[in-house]
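The structure appears below as structure tokens.
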Amino acid sequence: MPAAWLALDAADNDLSRFFQYLTAALNNLQPGIAQQTQPLLQASDPPNTEAILIQLVNTLDGCGQDCALILDDVHLIDAPAIHQALTFLLEHLPLCLHLVLLSRADPPLPLARLRAGGQLVEIRGADLRFSVDETAQFLNQVMGLDLTGAQIGALERRTEGWIAGLQLAALSMRERQDLDGFVAAFTGSHHYIVEYLVEEVLGHQTEARRQFLLKTSILERFTGSLCDALTGEENGDEVLAELEHANLFVIPLDDEQRWYRYHHLFSDLLHNRLRHLHPEMVTELHTKASAWFELNGSQDEAIHHALQSKDFEGASRLICRNRLNVIYSCSQSTLNQWLGAFPDSFLRSNPFLCIIKAHLLMMADRREEIDPYIRCAEDALASTVASGRLAKDSIEYLFLCADVYSFKALSARLKNDLDLALELATKAVQIAPPDLRSRVFALAMLYSIHEVRGDFRRAVEICFEVITCARVADYPSMLMSTAQELAGLLCLQGKLRQSAQVLREALDYAEAHGQARISYAGMLHIGLADTLYEWNSLDEMESEVETGMALCRQGGKSVLVAFALATQAKLRHARGDLPGALESLAERDRDYPSFRLSSNTLRQRWQAAQGNLTGLSEWVSQVDLNVEEQIGYGRMFQLIQAGRLLYALDRCEEALQVVDKIIHHAQKKGLLDTVIHMLVLQAAIWTKRKNDACALDCLEKALVLAEPEGYIQVFIERGQPLQRLLRLFQERYGASEFVSRLLAAFELHRKPGPEPSSANQALVEPLSLRELDVLKLLAQGCADKQIAETLVIARETVHKHLKNIYGKLDVHSRTEAIARARELSLL
């Protein structure tokens, strides 16, 4: 059958690297599969294992014939994340795919369960050992010896049929006359046998061949010209062909026999021997290997060998070339591994490496550790300029300076020194070279500071500029996160339609540029869901939340998921599912503690709406209710929350005072969304005070502002008092299309959903409405892709729904699911 063979080594414990090689191997079975999974690999670091494997499983499921994935030397993998990935693959293996694992030790996989289920074929040491007859055939026919039965029997007993030991023994005996003496001396454990035999094998090679083997032992893979670079000879291809022909533990890595590697056991022993006999050679050999890989375009391997040779200058030069593009093209784990190999003093003396370190710390949300590296970057940059190694008008100097100022602006913002932060971010933008990612980074820092200062108009202007620059600089993560931020700012200005347009244009751009499946694209769907929430388009919102959540989770536990969980909570609450909403917030609090404050804001609002006032007075008492002339982002939302809770606490006079000041401030800032929400709250407060005249006046103002952009949810969330007020408004001023729509939305909001079938309710865990939708499409013969397109959800989400359906119906296939559903009258 067709097979994909992946030979693993210790470096493959990096999850990103493992998946890159895995998808490349599977490309032989299903052409195009590597290209399809590439966006998922680039979406996050570390990559989202489940999302990638679901993509692979779904694609391989349609290959139409039995095939095998063979993973060789699995014992070299000790990363728990890769073991978990293999476990997931085993649990979701397509029927056509057979997984073959070659290992010297049992991997930590659910082997006992597979064995008990008859799903495991095991070829153990006893199966692999040569019998006496096989030993005779191998030694005399394959290896060309002429041994007696007694000699063969002795070797078989001493090696216990171990093939590698027999091969080494045969190589050792080729030039010997005293074979009986050799066999008699052949004893001990495998470890000692190997050491002894390698000595014997090397002893029978020419000096030139021994030097070749020792010098090339530092390489994980090699080709003829690479071997020539290390040995100083010009016969690498011929020697490799001879070694392979002589069965000297050389393994070809491609069909063209251009690239090889040594058997790991043989390589380790050769390398140990090299370090013991010629320690002075090791550094020189790594230096030559680094130079060859650099010349031949293999930057990662060039960096690896440079670091192995302690050539920190050369390694830093390789890492920092192309204006630090490595920050955006390499995985965080790889970058951290490289930077960890440098002495700390060297790293801190190199401005390029300090900036890379700062970016890594920011990505890891360890912002409090950034400042020391930025101070070192400044000092190192000044020293580099003073020594003449870098000119002040060079692009390298300018983008390094821009990043330094951007990070200093971030530090000032975190310390709430917003004037200094603004000054530093402005300087970063001024000196950053055009069309480079450092300029995009500086602009993003600048708009975030304007936003925190409450200057939303300026923040919006800069967001548009960031999006334009991010497209030119090919910076998708910044483009998408800024588009989502811009949409949120436009919503604050009451421009819901323009907000939705910005997000849809960004989604179209992502689709056209092959970026629609990266994790940051999830933020665009979540932003669109927030806009749909204001329009009360909850079905469309649910679709966007499902798609967005699936994409955001590809990035692992990142802040993207924190934003998605808040939107999911709002959706569930709007659907009347308060326990589900609180569950979303609980996950958010658990995994993203820095977002607890905003989670508590939602919790308090919903708690107050339920009439539970516990702890609300204490919270309000800690808030300064005096509204100053200049209000920042966080302060304004604190006052908005205070106004809502004062209303819930029946402290209406105080609530009116706070809300009136917020409205005055929001009108000056052009925050129409805040004005609408506060006018509706003001109307509710006057209603509670039995003053219909003032309540209707506030409502009328809110309606005039809300109608052009189609605001609906802001009225619905105030509940029955607003519904009564709208009816009163209609009676007094006559019916309008917008008020009629609002009252219809109230009726729809109160209308109970369809009753689930009694059969569905009889299940231990009933199917959700979405799972029933998937089940119906399944019965119509729709494939995963068709179901995803019909329900406007991600294929990963379809896969999860199917898994839930199978579990709830206690079935194991689509056919069984449909049959069981018909039995239960679910279809």
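The values are calculated or read from the model by the stated rules, or taken from the named source; none is laboratory data. Please read these numbers as outputs of a predicted model, since none were measured by experiment. Here the Cβ is made from the backbone with ideal geometry for all residues, glycine too, and neighbour counts use every protein chain on show. These accessible areas exclude ligands, DNA and RNA; they are computed on the full protein's heavy atoms, side chains included. Shrake-Rupley method; radii C 1.70, N 1.55, O 1.52, S 1.80 Å.
Just a few scattered comments:
- Test result for residue 655, hydrophobic (A, V, I, L, M, F, W, C), touching a Gly at 6+ places or on another chain (Cβ under 7 Å) and either buried (at least 17 other Cβ atoms within 10 Å of the Cβ) or outside any helix (DSSP H, G or I) (or both): yes
- In segment 749-768, the residue that is nearest to residue 62 (Cα to Cα) out of those that are modelled with pLDDT under 75, among the hydrophobic types (A, V, I, L, M, F, W, C) and surrounded by 13 or more Cβ atoms within 10 Å (Cβ to Cβ) is 763.
- Residue identified as at pLDDT below 85, in a helix (DSSP H, G or I) and under 47 Å from the mean Cα position of the chain (by Cα) among 105, 169, 126, 184: 126
- Residues of segment 715-727 that are out of contact with any His (no Cβ under 6 Å at 6 or more places or on another chain), farther than 13 Å from residue 698 by Cβ and part of a helix (DSSP H, G or I): 720, 723, 724, 727.
- Check on residue 673, closer than 30 Å to residue 422 by Cβ, surrounded by 15 or more Cβ atoms within 10 Å (Cβ to Cβ) and of a type in the set (Asp, Glu): yes
- Selection status of residue 453, touching a helix residue (DSSP H, G or I) at 6+ places or on another chain (Cβ under 6 Å), modelled with pLDDT of 90 or more and either open to solvent by 50 Å² or more (accessible area, probe 1.4 Å) or at negative phi (or both): no
- Exactly one residue out of 61, 66 is of a type in the set (D, E, K, R) and without any contact (Cβ under 8 Å) to a residue 40 or more places away in the chain: that is 61.
- Residue within segment 493-512 that is open to solvent by 60 Å² or more (accessible area, probe 1.4 Å), modelled with pLDDT under 90 and not in a helix (DSSP H, G or I) present: no
- Some residue of segment 549-564 being open to solvent by 50 Å² or more (accessible area, probe 1.4 Å), more than 20 Å from the chain's Cα centre (by Cα) and in contact (Cβ under 8 Å) with a residue 24 or more places away in the chain: no
- Close contacts from segment 713-733, counting a first residue that is in contact (Cβ under 8 Å) with a residue 24 or more places away in the chain and a second that is of a type in the set (D, E, K, R) and crowded, with 21+ Cβ neighbours inside 10 Å, with Cβ to Cβ under 6 Å and a gap of 6+ residues or different chains, come to 713/534.
- Of the residues making up segment 517-551, those that are of a type in the set (Asp, Glu) and over 11 Å from residue 570 (Cα atoms) are 539, 540, 544, 546.
- Selected residue (only one of 219, 213, 240 is surrounded by 18 or more Cβ atoms within 10 Å (Cβ to Cβ), touching a residue at least 60 places away in the same chain (Cβ under 8 Å) and touching a strand residue (DSSP E or B) at 6+ places or on another chain (Cβ under 9 Å)): 219
- Test: residue 550 is out of contact with any strand residue (DSSP E or B) (no Cβ under 9 Å at 6 or more places or on another chain), among the hydrophobic types (A, V, I, L, M, F, W, C), outside any helix (DSSP H, G or I) and over 30 Å from residue 739 (Cα atoms): no
- Any chance residue 546 is of a type in the set (D, E, K, R), closer than 26 Å to residue 474 by Cβ and modelled with pLDDT under 90: no
- Leading residue by the ranking (nearest to residue 390 (Cα to Cα)) among those in segment 313-327 that are surrounded by fewer than 18 Cβ atoms within 10 Å (Cβ to Cβ) and over 27 Å from the mean Cα position of the chain (by Cα): 317
- Residue match in segment 581-592 (condition: under 30 Å from residue 739 (Cβ atoms), open to solvent by 20 Å² or more (accessible area, probe 1.4 Å) and at pLDDT 90 or above): no
- Single unsatisfied condition, residue 280 versus (1) closer than 23 Å to residue 349 by Cα; (2) in a helix (DSSP H, G or I): (1)
- Count of segment 54-80 residues which are closer than 25 Å to residue 517 by Cα, under 19 Å from the mean Cα position of the chain (by Cα) and either exposed (fewer than 15 other Cβ atoms within 10 Å of the Cβ) or not aliphatic (A, V, I, L, M) (or both): 1
- Verdict on residue 522 being under 30 Å from residue 706 (Cα atoms) and either under 19 Å from the mean Cα position of the chain (by Cα) or touching a residue at least 60 places away in the same chain (Cβ under 8 Å) (or both): yes
- The listed residue being open to solvent by 80 Å² or more (accessible area, probe 1.4 Å) and either under 17 Å from residue 207 (Cα atoms) or under 40 Å from the mean Cα position of the chain (by Cα) (or both), out of 301, 234: 234
- With respect to the conditions (1) outside any helix (DSSP H, G or I); (2) modelled with pLDDT of 90 or more; (3) under 22 Å from residue 301 (Cα atoms); (4) open to solvent by 50 Å² or more (accessible area, probe 1.4 Å), residue 21 lacks only one, and its number is (1).
- Residue list for segment 525-539, restricted to those being of a type in the set (D, E, K, R) and either crowded, with 24+ Cβ neighbours inside 10 Å or free of Cβ contacts under 8 Å to residues at least 40 places away in the same chain (or both): 530, 539
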